[in-house]
Every structure is written in structure tokens, then in C-alpha cells.
Amino acid sequence: MLENGFVKLHRSLLKWEWYDDLNTFKLFMHLLLTVNYYDSKWHGVMIKRGSRAISRNKLAKETKLSEQSVRTAIKHLISTGELTKQNMGQYSILTITNYDKYQDVSNMPTESQPSANQVLTRGQPQIKNTKESNKNEKEGPPVPAKPPGVTMTDEEWAAHVAKLRE
């Protein structure tokens, strides 16, 4: 099962009609966390982003709900349009109807968009590298390598490290 990444949840979920139905809410959250976040093939069948091939029995085991509770929760979610189900024989393909709306990738931070912990440099004076500033940089301790996943530029990382050393 997927263990990396994240999903987005909006606070309007508190007003969702199934929010107070624990089994339906639990199943929907479980599906949000476990559906494909990109198209992929499984046993020769293309499983689209926002979908998952699953049996009711397996969902019951994963969520620790009874098969009847899973069946009822799926009926709830289908009846209100949150979920579609395609029967494939021994398994079904469940699809979260508006997965791209719930998990809009255009709003995800990228390296070109500053994240909450990055320093914004827009409107701040830029310092040109001169021989004098390069000489001063060489005299200080070396800047450690950026850890994996840090999206700061080299200059931002160096400034961050310098600030931590103050």
C-alpha cells in the first residue's frame, strides 16, 4: 500500500453529508489515501488516476470494517455521486468521481513555487558575486550539501545555512 506522499482535505468536509457516518467517512478517507495517483496497468487492465481495483473482502480487511459495512458505505458513496463502481468479476474498480478536483495537482508546490518554509526573494536586492564576496565566502566554513527534497536554490540554501550559523 502507498505510504509516501499526501492528500489534501478541505475543511468543508466537516459539512459533508457522510461526515457523521463513521463507516462511510472511514471508507472514503481510506480510498482517498489508497487510489492510484497516476494511471497504471494491473493484470492487463488500465487503472486510472483516482481509481483502485479492489474486492469488498480486501477493503473490509484493510479498514477493519465488516463486509456489510463496506457494502453499505459503497452504496452511500455511489448514491451521492462521490464514487463509481465497475464490476470486473472477482474484483471491482472503484473510482472517486472528482478525484482531480479533490487532489488538484496544479496547486501542489513545485520547485518554481516557494513552499511555506522558503524565503521569498521577490523585491529584495540581489547581491552580485564579485571577487571580494567570493573571497569572503571561501574564508567561511563550507556550506553543507542540501538534503534530498529541499527545493531551495543553492543561493537560498547558502543564505539559510548562514542565518542558522549566526
Check your understanding: Would you say Thr84 is among the β-branched types (Val, Ile, Thr), outside any helix (DSSP H, G or I) and at pLDDT 90 or above?
Key -> yes
Exercise for review: Name every residue in segment 41-52 that is at pLDDT below 90 and part of a strand (DSSP E or B), in order of residue number.
Suggested key: Lys41, Trp42, Val45, Met46, Ile47
Revision key, fill the gap. Per the list (1) surrounded by fewer than 12 Cβ atoms within 10 Å (Cβ to Cβ); (2) of a type in the set (A, V, I, L, M, F, W, C); (3) touching a Phe, Trp or Tyr at 6+ places or on another chain (Cβ under 6 Å), residue check on Ala53 breaks on (1)
Revision key, fill the gap. Cβ pairs under 9 Å, 6+ apart or interchain, first in segment 48-77 and among the acidic types (Asp, Glu), second part of a loop (DSSP other than H, G, I, E, B) and surrounded by fewer than 20 Cβ atoms within 10 Å (Cβ to Cβ), ordered by first then second residue, are Glu62/Met1
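The values are calculated or read from the model by the stated rules, or taken from the named source; none is laboratory data. Because the structure is predicted, anything quoted here is derived from the model rather than measured. All Cβ positions, even for glycine, are placed from backbone atoms using ideal geometry, and neighbour counts span all protein chains on display.
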